[in-house]
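Throughout, read-outs are computed from the coordinates displayed, never taken from laboratory work. Computed from a prediction, not measured in an experiment: that's the story for all the values here.
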Amino acid sequence: MRPQQISSIHMEVFARGIGSQIVRVIPKETACYQCQAKVLASYFSEQPLAPDTTVASYDATPTDLHSSVTADDDVCMLTAGFVVKMAKDCLLRKCGEPIKVPGHIYLLGFEQEWIFDEPFEIKRVSSLLPQLNCPTCSGDEAIRCTLQMTSEEAEQETQKVEARIEYVGDTGSGTSTG
Ligand SMILES: [Zn+2]
């Protein structure tokens, strides 16, 4: 099945709401989410260790609240606002508008700790272009490279495989046991 070429935006709020991360994936323009996640993992591996993230769950009772809550609404709403801004880019470009948010990976800081020097901070992490050796990033092209086929050879092979597929409808002959 061919990929649907739909852009996506992935957000995550860090424990205790000290910050959040946003990753935008635009097919054929950025690497896929898995490749971008590796970029972020590599970035975090070069940073100081994240602070203690022991938090109470959302359904904690007042007597359970030894530690801070997971994250407050304000942090989630601020992050969601940035996500909307980045999503608007993807929608408006179909009408010919240029991209206004140039980065695809952002870290937002909401507390002055860990990797954030200010209580409000935005860090941009360099994102990757689509990776040729990744089937998700580069789709059929990556598979052709792996199989060392030209596009014509790949198309012929696809037709051969499709000719062998026998489409069988529901025969209603399923058996049940028990
Ligand atoms: Zn990829």
Return the tail of the calculated pair distribution for the range 8-130, meaning the percent of Cα-Cα pairs more than 26 Å apart. 27
Find how many whole Å separate the alpha carbon centroid of the range 131-157 from the alpha carbon centroid of the range 1-43. 23
